[in-house]
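Here the structure is laid out as structure tokens; the discussion comes afterwards.
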Ligand SMILES: Nc1ncnc2c1ncn2[C@@H]1O[C@H](COP(=O)(O)OP(=O)(O)OP(=O)(O)O)[C@@H](O)[C@H]1O
Ligand SMILES: [Mg+2]
């Protein structure tokens, strides 16, 4: 484990490594003053090559600082590293795959399209973003290695697929045992799921690639990437595809972490059932650019209703957990709530959040509710902050 004080003494002027972790488990504690230097603003300002439209962002040829971040998400996998100029480089891939009959026609077609595939048990398997495109061509659904934030019990081929995706995203470590912090869900409060197995599986995959894997609770990663200016005090919420992950943090120490098994997929399923369409159609509708404060027509209204319900559910759970715990810190100043994750990217999200917030007696004084600077990349960047702090 790195020790920030040691590091700080050794090389305090370097801006690219600024925080430290000091605990064997998922909880990472930063030296607050110095970690501020790696604020979200700095990260975003120096980020290069980030393009949500590109499946994989090309990395620069500048030498790379040791330490990786990896957001392991139900919908997306996002890796990050920092080059020696301080630029944060990110790669994103859909956490999905598709298998296709192995015949000459399809093989030629994939070759013509430049789509990479592997043959597994006599079937061609395509992973990541190209799998999504192919699913449209073949009018099929992709298969998903994860469900509700964790490795899917329904998907027998999940592990080799995740291995392939991680190899593409992370590549080889710069040196054996390079630290890679990866996101894991906090214990779910509304589902009988065990995080231990999921955490162990991804730890094993990363180890197999040559990394030293370290888990970081997803909401805590949001705190690291977005709340540096607030001394890492506040509430980070990752609004993902499979779940919402919440972390209430006081000076970088998590006072409360939990997850709920409702996220973007839950909205899609419910909208689909009331509109009588497929979940992927409902997802397309949701992502096409709705404004939750001004829904147009029955379909958009359905999306708005479920979003409002999901946000209200999340806030009520924070309130209940906070009030029922005996060891909550008292916050001397009003705090910020920061929302990250793809599900927070819909138009009017913070406005609806604010409206639902005002309906309940929230137990903590809140000064602002805002979106992360880069909602899709926030968790990976938080993991990277933790990794850099130990990779001096
Ligand atoms: N513009 C958008 N508007 C609404 N929803 C969006 C938008 N873009 C992406 N999403 C939704 O965001 C979700 C994916 O977000 P994200 O990548 O943060 O999840 P994840 O980290 O993979 O999942 P989890 O953390 O729950 O395991 C999907 O449900 C997707 O439909
Ligand atoms: Mg996530």
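The values are calculated or read from the model by the stated rules, or taken from the named source; none is laboratory data. Note that the structure is a prediction, hence the values are computed from the model and not measured. Counting neighbours? That spans all protein chains shown, and the Cβs are built from the backbone with ideal geometry, glycine included.
Only a single criterion out of (1) part of a strand (DSSP E or B); (2) within 11 Å of ligand 1 (Cβ to nearest atom) is not satisfied by residue 266, namely (1).
Of note, residue 232 satisfies the criterion of being crowded, with 18+ Cβ neighbours inside 10 Å, assigned to a loop (DSSP other than H, G, I, E, B) and in contact (Cβ under 8 Å) with a residue 24 or more places away in the chain. Checked against (1) away from ligand 1 (no atom under 14 Å from the Cβ); (2) in a loop (DSSP other than H, G, I, E, B), residue 68 passes all but a single condition, namely (2).
The residue list 352, 303, 274, 379 contains one member that is in a helix (DSSP H, G or I), at pLDDT 95 or above, touching a helix residue (DSSP H, G or I) at 6+ places or on another chain (Cβ under 7 Å) and over 20 Å from residue 240 (Cα atoms), which is 274. Total residues in the range 142-170 satisfying the condition of being over 19 Å from the mean Cα position of the chain (by Cα), over 13 Å from residue 202 (Cα atoms) and away from ligand 1 (no atom under 14 Å from the Cβ): the figure is 6. Condition (residue is surrounded by fewer than 16 Cβ atoms within 10 Å (Cβ to Cβ) and within 16 Å of ligand 1 (Cβ to nearest atom)) applied to the range 83-91: is it met by at least one residue? No, that holds for no residue.
Quick one: how many residues across the range 114-135 are surrounded by fewer than 12 Cβ atoms within 10 Å (Cβ to Cβ) and not in a loop (DSSP other than H, G, I, E, B)? Even if it seems obvious, please write down each step before you answer.
Here is the first cut: in the range 114-135, the ones surrounded by fewer than 12 Cβ atoms within 10 Å (Cβ to Cβ) are 114, 119, 121-122.
This time we only want the ones that are not in a loop (DSSP other than H, G, I, E, B), so: 119.
Selection size over the range 114-135: 1.
Considering only residues of the range 355-376 that are assigned to a loop (DSSP other than H, G, I, E, B), more than 12 Å from ligand 1 (Cβ to nearest atom) and touching a residue at least 40 places away in the same chain (Cβ under 8 Å), which is nearest to residue 238 (Cα to Cα)? That would be 373.
When we screen 246, 223, 196 for residues that are in a helix (DSSP H, G or I), farther than 28 Å from residue 120 by Cα and within 16 Å of ligand 1 (Cβ to nearest atom), the only hit is 223. The set of residues in the range 151-188 being farther than 21 Å from residue 384 by Cα and within 16 Å of ligand 2 (Cβ to nearest atom) consists of 151, 152, 187, 188. Here 342, 289 are screened, and the one residue that is under 17 Å from residue 371 (Cα atoms) and at pLDDT below 95 is 289.
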